[in-house]
Amino acid sequence: MTLEEKVDQLLQLAPAFYEGANSAGQITGPLAGLGITEDNVRRTGSVLGLGGAEEAIAIQEAHLRHNRLNIPLLMMADVIHGYRTIFPVPLALGSSWDLDLAQRTAAIAAKEAAAAGIHVTFSPMADLTRDPRWGRVMESTGEDPWLNGQFARAFVRGYQGSGVAGEPYKIAACIKHFAAYGAAEGGRDYNTVDMSEWMRRAYYMPSYKAALDEGCEMVMTAFNTVDGIPATGNRRLMRDLLRGEWGFDGVLISDWGAVKEMIPHGAAEDERECARKAIEAGVDIEMMSPCYPHHLRELVESGEVDVRLVDEAVMRILKLKRKLGLFEKPHRYADPAAERNILLSEEHLAAAHEAALKSCVLLKNNGVLPLAKAAKIALVGPFAASSDLLGPWSCMGRREEAVTLADGMRAIAGSAAVTVAGCGAERMTDEELAAMLDAARSADVVVLALGEDSEMSGEAGCRANIRLPGRQLELIQRVRELGKPLAVVLFNGRPLDLHGVLDEADALLEAWYPGTRGGAAVAELLYGDANPSGRLTMSFPHSVGQVPVYYNSFNTGRPQSSPDAPVRYESQYLDIPNAPLLPFGYGLSYAEFRYGAAELSAVSLRPGGSLQLTVSVTNAGARQGEETVQLYVRDIAGDTVRPLRELKAFRKVALEPGETKEVRFEVTEEMLRYHHADLSFESDPGGFKIMVGPNSRDVQELSFKLLAG
Ligand code: BGC
């Protein structure tokens with residue numbers, strides 16, 4: 001390869017640049033003005049965001065005609081929660097606490113994407129999220145490092161199977177955004193991230209590492225700074241930690257335009273410096289900015305950049321192409337006929353339905369749910385008949401293919417039983433309000449379908465005020481005044497400030513953005529044809545002033561001693577509680593679960609041995625249901641401070657009415673290891689608390705001692 005050929009192999013562009021493109025693709029940033037020549041395009045190594053099998057084949061064919069060395073293009077896309085069959089957003093899938101389900105959704109997404117010509121997905125996102133103002137919390141599975149790691153692994157297994165070449169219709173996964181993008185200050189996208197290395201290692205890094213341990217093929221850099229240096233040009237982060245310490249030898253791609261963004265960050269004078277810093281940090285593919293093609297050749301020729309850095313990057317990309325089998329089969333699984341059969345198949349829609357059922361979280365119910373099928377229902381609010389249910393990052397999903405809540409409810413109870421009246425999420429006219437109130441007046445029960453337009457979350461979808469937008473709180477009030485039983489269903493991508501919602505509603509179901517089958521699944525839950533089983537994986541704050549609020553926080557030297565009668569000079573707010581409104585792990589069911597007294601098999605644990613914690617769970621209700629039994633640990637005194645609770649394990653148990661099951665957890669010394677101040681990862685002998693319960697708040701607590709080895 002000539003130096004030019006090598007350098008351009010490192011460039012990734014959107015389809016619009018290529019001969020054979022039939023669309024503008026999914027462009028998330030500015031396209032014009034890159035200063036890329038046709039020769040560059042003919043030598044590029046990869047393309048992102050294609051529009052389907054036909055386009056993928058046309059672009060690949062044209063590319064191979066022009067590319068001197070016949071090196072096929074790698075085709076990548078954001079397949080985040082489904083390709084054409086759209087599953088609930090990742091924060092919702094997280095709420096299922098169902099790793100097998102997550103894996104199956106990723107496998108289906110991979111199958112559809114592979115048939116449409118995609119080789120790599122920019123997923124999973126494993127960013128730890130503690131700030132619901134950040135629009136991208138919907139792309140994460142929440143605030144727990146261990147659980148996020150479990151989900152990241154499940155998604156990688158689903159996309160890649162036993163290896164991208166081992167099974168048909170598998171695609172490579174790309175973990176992102178490395179690193180700590182979830183900690184953007186103030187919850188504002190692209191903003192500064194700064195934290196101690198200890199905090200980063202202990203809380204923000206484990207989920208990326210878990211994905212790599214699962215064999216994830218690629219990593220994407222984050223837009224933010226890490227220790228004052230943009231991640232994309234951060235040698236310590238990429239070369240020393242990711243490549244050196246963790247031994248990652250796969251392809252590292254920049255985020256969109258992030259190489260050149262080192263200039264506005266104030267970390268590079270010009271494109272040339274950006275190119276040098278990125279290649280030195282170990283970035284193999286430059287996504288949608290032109291610093292490598294414009295400057296890398298000259299940097300190598302002048303001796304400023306060692307050509308071996310370029311060679312290594314090229315080799316990693318070519319190896320991935322070889323692994324994917326592109327040299328033998330450049331179109332891989334791209335096939336318009338197969339694509340037609342595979343996309344939105346019955347099986348895929350059934351999985352989307354199951355995922356939506358399992359992702360919804362019942363947050364309150366005083367008995368108004370499930371609805372009687374004979375009841376006269378007024379279904380009102382912005383999401384009553386809205387098809388905006390797919391959520392952000394459903395690039396190839398089509399709203400017209402989504403089942404609305406109105407359709408779902410009418411299919412169950414009949415059209416005559418459900419009167420529908422809507423409005424906008426942000427705009428509601430007086431006439432619309434009057435029509436909704438009219439519908440409510442003549443109903444037995446009112447179902448208010450509220451939420452945020454999907455544009456209000458996702459990338460660049462941050463909000464400083466996380467209450468329901470527009471006049472929706474007023475709508476709740478006005479409906480409330482009618483004195484009718486009131487169930488609220490929420491469609492949104494973040495934990496919201498629920499004041500004026502939770503207290504006013506008789507029942508509240510968090511449906512997130514539930515995907516293609518969303519309305520049908522939510523209707524089944526409302527009518528009790530299915531029983532809600534989701535549990536929150538991100539705390540819902542009392543108000544935005546409490547953010548960040550998360551369950552695994554530290555005690556401080558002055559913990560609040562009595563929440564009901566605050567004592568001065570303790571760590572607390574004067575106006576709101578310390579605890580979130582709804583804690584991590586929380587969720588209700590139409591069944592009623594009762595816990596027996598938990599028991600520990602011994603009061604001490606020796607390294608190499610194990611303890612058993614057992615607890616019985618009974619379904620005291622009248623309906624079959626599924627409980628998620630959660631195990632938490634607290635290390636009483638550590639080398640560094642330790643969180644009040646850390647999730648260590650969970651079990652999902654299905655229980656018939658009246659049935660009791662014994663749930664058993666094994667506790668080992670490995671589970672008690674943590675990052676010490678010197679970043680070593682080990683346990684400390686001493687006292688521990690162990691807690692079990694239905695969520696991170698309502699737990700029973702036992703104690704044991706870890707003995708020295
Ligand atoms: C996002 C990434 C995404 C990329 C490609 C960026 O703006 O931050 O998550 O994969 O665009 O579309």
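The values are calculated or read from the model by the stated rules, or taken from the named source; none is laboratory data. Since the structure is predicted, the reported quantities are computational estimates derived from the model, not experimental observations. Note: ideal-geometry Cβ built from the backbone for every residue, glycine included; neighbour counts use all protein chains shown.
Laid out as a table, the results:
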quantity: Positions within segment 209-243 being more than 16 Å from the ligand (Cβ to nearest atom), more than 16 Å from residue 154 (Cβ to Cβ) and not in a helix (DSSP H, G or I), in sequence order; calculated: 227, 228, 229, 234
quantity: Residue match in segment 32-50 (condition: within 16 Å of the ligand (Cβ to nearest atom), hydrophobic (A, V, I, L, M, F, W, C), more than 25 Å from residue 170 (Cβ to Cβ) and touching a residue at least 40 places away in the same chain (Cβ under 8 Å)); calculated: yes
quantity: Near pairs, Cβ below 7 angstrom, 6+ apart or cross-chain, from segment 472-492 (within 21 Å of residue 453 (Cα to Cα) and surrounded by 15 or more Cβ atoms within 10 Å (Cβ to Cβ)) to any residue that is of a type in the set (Asp, Glu) and at pLDDT 95 or above; calculated: 476/504; 487/506; 490/510; 492/452
quantity: Residue 16 vs. criteria surrounded by fewer than 21 Cβ atoms within 10 Å (Cβ to Cβ), assigned to a helix (DSSP H, G or I) and within 16 Å of the ligand (Cβ to nearest atom); calculated: yes
quantity: Residues of segment 157-187 satisfying the condition of being in contact with a Phe, Trp or Tyr (Cβ under 8 Å, 6 or more places away or on another chain), part of a loop (DSSP other than H, G, I, E, B) and either among the hydrophobic types (A, V, I, L, M, F, W, C) or buried (at least 16 other Cβ atoms within 10 Å of the Cβ) (or both); calculated: 169, 170, 171, 179, 180, 184
quantity: Given (1) at pLDDT 95 or above; (2) assigned to a loop (DSSP other than H, G, I, E, B); (3) more than 16 Å from the ligand (Cβ to nearest atom); (4) not polar (S, T, N, Q), index of the condition residue 147 fails; calculated: (2)
quantity: Members of segment 244-260 that are in contact with a strand residue (DSSP E or B) (Cβ under 9 Å, 6 or more places away or on another chain), assigned to a loop (DSSP other than H, G, I, E, B) and in contact (Cβ under 8 Å) with a residue 40 or more places away in the chain; calculated: 250, 255, 256, 257
quantity: Counted residues, segment 355-408 - those being at positive phi and surrounded by fewer than 19 Cβ atoms within 10 Å (Cβ to Cβ); calculated: 1
quantity: Identity of the residue in segment 192-207, in a loop (DSSP other than H, G, I, E, B) and of a type in the set (A, V, I, L, M, F, W, C), that ends up surrounded by the most Cβ atoms within 10 Å (Cβ to Cβ); calculated: 205
quantity: Candidates 626, 599 - the one that is closer than 18 Å to residue 659 by Cα and among the acidic types (Asp, Glu); calculated: 626
quantity: Qualifying residue in segment 78-89 (condition: touching a Ser or Thr at 6+ places or on another chain (Cβ under 8 Å), within 14 Å of the ligand (Cβ to nearest atom) and more than 28 Å from residue 586 (Cα to Cα)); calculated: yes
quantity: Selected residue [in contact with a Ser or Thr (Cβ under 8 Å, 6 or more places away or on another chain), away from the ligand (no atom under 16 Å from the Cβ), in contact (Cβ under 8 Å) with a residue 12 or more places away in the chain and not aliphatic (A, V, I, L, M)] from 459, 452, 401, 426; calculated: 401
quantity: Neighbours by Cβ (under 6 Å, 6+ apart or cross-chain): first from segment 164-175, under 13 Å from residue 217 (Cβ atoms) and away from the ligand (no atom under 16 Å from the Cβ); second assigned to a strand (DSSP E or B) and not acidic (Asp, Glu); calculated: 164/172
quantity: Members of segment 173-193 found to be out of contact with any Pro (no Cβ under 9 Å at 6 or more places or on another chain), more than 15 Å from residue 236 (Cα to Cα) and not aliphatic (A, V, I, L, M), listed by number; calculated: 177, 181, 182, 185, 186, 188, 189, 190, 191, 192
quantity: Residue satisfying all of: in segment 251-277; among the small types (Gly, Ala, Ser) and within 16 Å of the ligand (Cβ to nearest atom); surrounded by the fewest Cβ atoms within 10 Å (Cβ to Cβ) among these; calculated: 257
quantity: Some residue of segment 4-11 being at pLDDT 95 or above, away from the ligand (no atom under 16 Å from the Cβ) and not in a helix (DSSP H, G or I); calculated: yes
quantity: Selection status of residue 172, touching a Lys or Arg at 6+ places or on another chain (Cβ under 9 Å) and more than 15 Å from residue 109 (Cα to Cα); calculated: no
quantity: Residue within segment 675-697 that is among the small types (Gly, Ala, Ser), over 23 Å from residue 555 (Cβ atoms) and either loosely packed, with under 14 Cβ neighbours inside 10 Å or at pLDDT 95 or above (or both) present; calculated: no
quantity: Every residue from segment 112-140 that is within 15 Å of the ligand (Cβ to nearest atom) and either among the charged types (D, E, K, R) or modelled with pLDDT under 95 (or both); calculated: 127, 136, 139
quantity: Residues located in segment 334-360, provided they are outside any helix (DSSP H, G or I) and acidic (Asp, Glu); calculated: 335
quantity: Residue list for segment 546-593, restricted to those being surrounded by 13 or more Cβ atoms within 10 Å (Cβ to Cβ) and charged (D, E, K, R); calculated: 570, 592
quantity: Qualifying helices (runs of 4 or more DSSP H) (wholly inside segment 35-101; at least 2 residues being over 34 Å from the mean Cα position of the chain (by Cα)); calculated: 38-43, 53-66
quantity: Count of segment 279-298 residues which are among the hydrophobic types (A, V, I, L, M, F, W, C), within 17 Å of residue 40 (Cβ to Cβ) and within 16 Å of the ligand (Cβ to nearest atom); calculated: 3
quantity: Residue match in segment 455-469 (condition: under 16 Å from residue 385 (Cβ atoms) and either outside any loop (DSSP other than H, G, I, E, B) or touching a helix residue (DSSP H, G or I) at 6+ places or on another chain (Cβ under 6 Å) (or both)); calculated: no
